[in-house]
Each structure stands twice: as C-alpha cells, then as structure tokens.
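Here is the structure we will look at, set down as structure tokens.
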Amino acid sequence: MQFLTGTQGTDVHEHLLNSDGQRIGHRIIAKGQITGNGKLHPAPAHGVVIPVKGRIEFKTDGYSEEIYPGKVVVMEKGELHCMRGIEDSEIIVVLDLLR
C-alpha cells in the first residue's frame, strides 16, 4: 500500500505516481486559468479526470461541459481537450499507459 500526497499552492501540475503502466497526476487550476495555453491538446493515454475541489469547464473539439466533485471525465488516448477553472479547482488524473 502506498499513500501519495500532492503539493498545495498555486500552479501545481505534478505526477504523484509513475509506474510501468499507470500515471497519477495532480493539478490545481486557479479560477480563470486555462490549461494547454488555451489550446486543445491530446490526452497522453486513456484516463479519468477526477475533480476533488471546485468547478471546471472541460472543453473538447466543439463541446464543453462543467465538471465538479462527483462528475468525472473518461478520455481515450489522443482526445483533444483543455480545461478552464470556473472556480479555484483541484483534480486527480489517472492514466492507463498500457491501453
């Protein structure tokens, strides 16, 4: 068993775990901040975006939806996306690097 703790503060984008087949990321997105410099970018692997705090606009090509704790996004490798903090927000991203 392993307990992983992320950094707190502003502009956090870190990997809590990198194993042979899995990556767990932790990100803090400030209100108004847009990931990927505002450009859609491809998901590096199949994964799940899990909000743990705040509200986020999750954008894909031609579509956007609000996510928040209890509402997650499942992405396939290569799917274009970016996120904008509606509120100060925090997410965990779990990637399956073997799929």
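The values are calculated or read from the model by the stated rules, or taken from the named source; none is laboratory data. Please read these numbers as outputs of a predicted model, since none were measured by experiment. No Cβ is skipped: glycine too gets one built from the backbone with ideal geometry, and neighbour counts run over all protein chains shown.
When residues in the range 23-43 are screened for being assigned to a helix (DSSP H, G or I) and either within 18 Å of ASP96 (Cα to Cα) or of a type in the set (S, T, N, Q) (or both), 2 of them pass. For the residues VAL12, VAL49, the requirement of being β-branched (Val, Ile, Thr), closer than 24 Å to LEU97 by Cα and at pLDDT below 95 singles out VAL12.
Residues in the range 80-99 that are among the acidic types (Asp, Glu) and either surrounded by 19 or more Cβ atoms within 10 Å (Cβ to Cβ) or under 11 Å from VAL49 (Cβ atoms) (or both): GLU90 only.
Give the residues of the range 1-15 that are among the hydrophobic types (A, V, I, L, M, F, W, C) and under 20 Å from GLY85 (Cβ atoms), sorted by residue number. Break it down into steps so the answer makes sense when it comes.
The initial filter retains those residues of the range 1-15 that are among the hydrophobic types (A, V, I, L, M, F, W, C), namely 1, 3-4, 12.
Within the range 1-15, just VAL12 meets the criteria.
Tell me which residues, restricted to the range 13-29, are exposed (fewer than 14 other Cβ atoms within 10 Å of the Cβ) and of a type in the set (A, V, I, L, M, F, W, C). Scanning the range 13-29 gives a single hit, LEU17.
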